[in-house]
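A short worksheet on the structure shown next.
The values are calculated or read from the model by the stated rules, or taken from the named source; none is laboratory data. What you are looking at is a predicted structure, and each value in this text was computed from that prediction instead of being measured. Counting neighbours? That spans all protein chains shown, and the Cβs are built from the backbone with ideal geometry, glycine included.
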């Protein structure tokens with residue numbers, strides 16, 4: 001909400017409530033969130049012995065729209081803004097809307113915390129690139145690593161912090177460390193609403209009713225500045241007649257993944273007739289090793305996201321389908337949750353339509369949106385990266 005404690009428009013309130021409900025849904029379907037607190041004007045400092053919040057030690061929060069505390073990850077201080085003023089967020093908008101001020105003030109209180117701006121409006125390209133690239137940039141090579149517009153954004157933020165926080169006299173290194181904690185996300189209402197329903201669908205009988213209950217709870221929690229644990233949120237759903245459905249047996253989910261992957265795994269993979277034979281491709285072993293082993297750190301100037309995807313490129317008939325099929329089967333053999341799709345047979349113009357098609361093909365308990373971690377661990381895999389999805393797009 002606004003810095004004065006309330007949103008200037010009804011749409012702003014609705015957006016904040018909807019996003020908070022989305023994070024409530026995450027809390028009850030994941031296992032890492034300790035508590036969530038909308039309108040967290042004061043926060044409980046952690047106890048040195050165990051790192052858990054201490055109710056006796058309060059400190060005023062600079063970023064107070066939503067606070068999320070995790071077991072194994074840094075706390076999240078989230079600023080929710082329905083939209084910017086000029087069509088996209090840039091460094092000037094962050095300065096004029098006091099977001100930079102609030103974020104740096106919070107960073108001074110907790111230097112490990114994640115500082116998130118969530119909004120419907122897109123982020124200016126130079127600002128987005130600056131925030132992305134600082135994570136792999138070195139202080140000595142900052143101008144070369146950021147380059148052009150992103151470097152100008154960094155200098156503008158650096159200048160603002162020196163002026164606004166003159167008593168702290170932040171250095172260039174301080175600015176770099178600060179921006180590494182900042183995350184900027186454009187999350188339009190339709191996408192947010194759809195993802196909330198998709199997250200709830202595997203876990204409740206009526207996702208729409210559960211969504212409505214969570215949004216009502218988010219509104220009440222913000223008005224009363226309540227601190228909610230996942231168990232309290234689950235109890236609210238039970239009281240509203242929407243208890244969580246117990247998760248399916250892992251073996252059932254793995255079997256359904258195999259069934260839903262048949263659009264890819266049932267593709268022909270041999271050549272010739274007398275007799276038919278299959279050519280083993282060394283790329284399969286290379287890709288399998290890439291999937292199963294931890295990712296190496298990004299190189300300077302390379303984003304972490306770019307290391308998490310691979311694209312097979314080649315003309316028609318060179319064997320992309322056969323290779324993707326072999327990789328999917330190899331991952332199944334390794335007991336890694338994997339969904340293989342052949343894009344000309346499994347289609348959808350929206351995420352919801354695609355999910356419906358996948359469910360019709362046999363996956364009745366879809367993987368959690370954007371996170372494969374829980375299923376991955378439950379499957380007994382020795383690996384610590386999320387479940388995989390292989391999509392083969394034919395070239396004609």
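A compact table of results
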| read-out | value |
| --- | --- |
| Number of positions in the stretch 134-146 that are touching a residue at least 40 places away in the same chain (Cβ under 8 Å) and either within 21 Å of residue 183 (Cβ to Cβ) or not assigned by TED's automatic domain parsing to the domain that holds residue 180 (or both) | 6 |
| Residue identified as within 25 Å of residue 31 (Cβ to Cβ) and more than 27 Å from the chain's Cα centre (by Cα) among 239, 235 | 239 |
| Boolean, residue 315 is closer than 24 Å to residue 270 by Cβ, at pLDDT 80 or above and over 25 Å from the mean Cα position of the chain (by Cα) | yes |
| Hits in the stretch 72-94 - residues which are within 24 Å of residue 17 (Cβ to Cβ), in contact with a helix residue (DSSP H, G or I) (Cβ under 8 Å, 6 or more places away or on another chain) and assigned to a loop (DSSP other than H, G, I, E, B) | 82, 84, 85 |
| Only listed residue being in a helix (DSSP H, G or I) and either touching a strand residue (DSSP E or B) at 6+ places or on another chain (Cβ under 7 Å) or in contact (Cβ under 8 Å) with a residue 12 or more places away in the chain (or both), chosen from 209, 205 | 209 |
| Any hit, the stretch 236-248, residues being assigned to a helix (DSSP H, G or I), at pLDDT 90 or above and loosely packed, with under 13 Cβ neighbours inside 10 Å | yes |
| From 351, 368, residue being surrounded by fewer than 18 Cβ atoms within 10 Å (Cβ to Cβ), out of contact with any strand residue (DSSP E or B) (no Cβ under 6 Å at 6 or more places or on another chain) and modelled with pLDDT under 85 | 351 |
| Residue count for the stretch 101-122, restricted to those that are in contact with a helix residue (DSSP H, G or I) (Cβ under 8 Å, 6 or more places away or on another chain) and not in a helix (DSSP H, G or I) | 6 |
| Residue 64 being modelled with pLDDT under 95, buried (at least 17 other Cβ atoms within 10 Å of the Cβ) and within 16 Å of residue 117 (Cα to Cα) | yes |
| Any hit, the stretch 37-48, residues being in the same structural domain as residue 196 (by TED's automatic domain parsing) and either within 20 Å of residue 196 (Cα to Cα) or modelled with pLDDT of 90 or more (or both) | yes |
| Verdict on residue 202 being surrounded by 19 or more Cβ atoms within 10 Å (Cβ to Cβ), at pLDDT below 90 and under 25 Å from the mean Cα position of the chain (by Cα) | yes |
| Hey, residue 51 modelled with pLDDT under 95, over 24 Å from residue 27 (Cα atoms) and part of a loop (DSSP other than H, G, I, E, B) or not | no |
| Residue match in the stretch 206-216 (condition: under 16 Å from residue 27 (Cα atoms) and loosely packed, with under 14 Cβ neighbours inside 10 Å) | no |
